[in-house]
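Readers should treat all values here as calculations from the given coordinates under stated rules, not as data from a laboratory. Because the structure is a prediction, the values reported are computed rather than measured. Methodologically, a virtual Cβ is constructed for each residue, glycine included, from the backbone with ideal geometry; neighbour enumeration extends over all protein chains shown.
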């Protein structure tokens, strides 16, 4: 099919990574003699050519970004409502096979071959994040494709992520279709939740740790549980619903305590769940000073290593966090330690737990590992899409 888009030509020998499957093209890979970057508009669609003039596919371009172009398809075709309908139907088929209820991440960016696009589904309410200038420019066909496939009650654009700043885009939250619901509703692992529609973190909910939270069914019954960085109580309320005797949730946001209480009440476990508001490190230190012990401690912090240059500082933060968690564990206690930092490896997270354990005269048994749920598929050629780690460890006293 012939399409009339501008060409973006790569330098010699820079196409190998793209042919291997990667979807990102960097600015230093562009032949700027043939195709000067200043000749393109941010968000423009281009046909990518190798140095010999052979088409590699269609991409969006941002000439001001280090990730200069993002490949959408290896065909030379129009990028329109039909294109997004095909891709969104393919992504939806996976989720429908995985989950009985329509509560999941519908599109996971590069993992679903749609770089820069996130779509989360809460039944008939859809939350969209347009994380690149290209996807921002393609907003209308994306929204049209969503409506063609699922006829939602509402579509909310949560275009307030940090990634938009890097793309030179404005940040805003808007309702693109219908009226914003009072809250988003979902069920995860058989537990019911409400999430803020317009003001929550990211899209309002973190579906990615669904698999780790499900393991609380084995470890939480009749236990004392501490959930640090609790947000809406995704871990803590599920622990209570799975039979924990008591759950203490910790988060810096006063709104977290309100949502935790609301979600605990939704599941009939309000009497088991309490919240403490404040800095996680300060509160854990105070709990230690007050002599508190827990059978299960969950630490699922925000990314302590947002960029590669933050690695040393972030690794120290994970070390400190896990050390406090270990000290708060009772004999034979179980630690749920999560990380969403792409720049922290699984081995580094485990080593931080082992180091913290030895410093506190504990022995570690790694019981289970969890990864991002399958509605967050990993692109094999892009390590950036494999970001989530979850380690479940048993801590024993002494040698």
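For the chain, take the longest principal axis of its alpha carbons; what is the angle in degrees between that and the long axis of helix 280-289, to the nearest 10 within 0 to 90?
Here the helix axis deviates by roughly 10 degrees.
At R0 = 22 Å, how high is the FRET efficiency between residue 173 and residue 41 if r is their beta carbon distance? Nearest 0.05 is fine. Please list the in-between numbers first.
Numbers: r = 25 Å, r/R0 = 1.15.
Using R0 = 22 Å, I get an efficiency of 0.30.
Once both axes come from the Cα atoms, what is the angle between helix 311-327 and the longest principal axis of the chain, in degrees from 0 to 90, rounded to 10?
That helix lies at roughly 30 degrees to the long axis.
Quick one: if the Förster radius is 25 Å, what FRET efficiency do residue 160 and residue 78 give, using the C-beta to C-beta distance and rounding to 0.05? Let's see the in-between values first.
Working: r = 30 Å, r/R0 = 1.21.
The pair residue 160/residue 78 has a calculated efficiency of 0.25.
If you wrap region 20-72's Cα atoms in a convex hull and average its projection over all directions, what's the area in nm²? Please report the intermediate quantities before stating the final value.
On the way: hull surface 13.9 nm².
Averaged projected area of region 20-72's Cα convex hull equals 3.5 nm².
Can you put 212, 382, 58 in order of Cβ neighbours within 10 angstrom, beginning with the fewest?
Numbers: 212 26, 382 16, 58 23.
Least crowded to most crowded, the residues run 382, 58, 212.
Specify, per residue and in Å³, the volume enclosed by the convex hull of the alpha carbon atoms belonging to the chain. Don't skip to the answer; put the middle values down first.
Working: hull volume 55.9 nm³, N = 399.
Each residue corresponds to 140 Å³ of Cα convex hull volume.
How tilted is helix 139-150 with respect to the longest principal axis of the chain? Cα atoms for both, answer in degrees (0 to 90, nearest 10).
Approximately 60 degrees, to the nearest ten.
Once region 131-196 is represented by equal point scatterers at the alpha-carbon sites, with solvent omitted, what log10 I(q)/I(0) does the Debye formula produce at q = 0.11, 0.19, 0.25, 0.28 Å⁻¹?
Reported log10 I(q)/I(0), two decimals: -0.34, -0.90, -1.11, -1.16.
When 231, 99 are ordered from fewest to most other Cβ atoms inside 10 Å of their Cβ, what list results?
Working: 231 22, 99 18.
In increasing order of surrounding Cβ atoms, one gets 99, 231.
How many nm separate the modelled label positions at residue 252 and residue 303, each set 7 Å beyond the Cα in the direction of the Cβ?
1.6 nm
Computed over the Cα atoms, what is the radius of gyration of region 185-397 divided by 2.2 N^0.38 Å, N being its residue count? Mind dumping the intermediate values first?
On the way: Rg = 16.1 Å, N = 213, 2.2 N^0.38 = 16.9 Å.
Ratio of Cα Rg to 2.2 N^0.38 Å: 0.95.
Mind sorting 170, 348 by how few other Cβ atoms lie within 10 Å of their own Cβ, fewest first? Kindly include the intermediate steps, with their values, before the conclusion.
Working: 170 9, 348 19.
Taking fewest neighbouring Cβ atoms as first place, the list is 170, 348.
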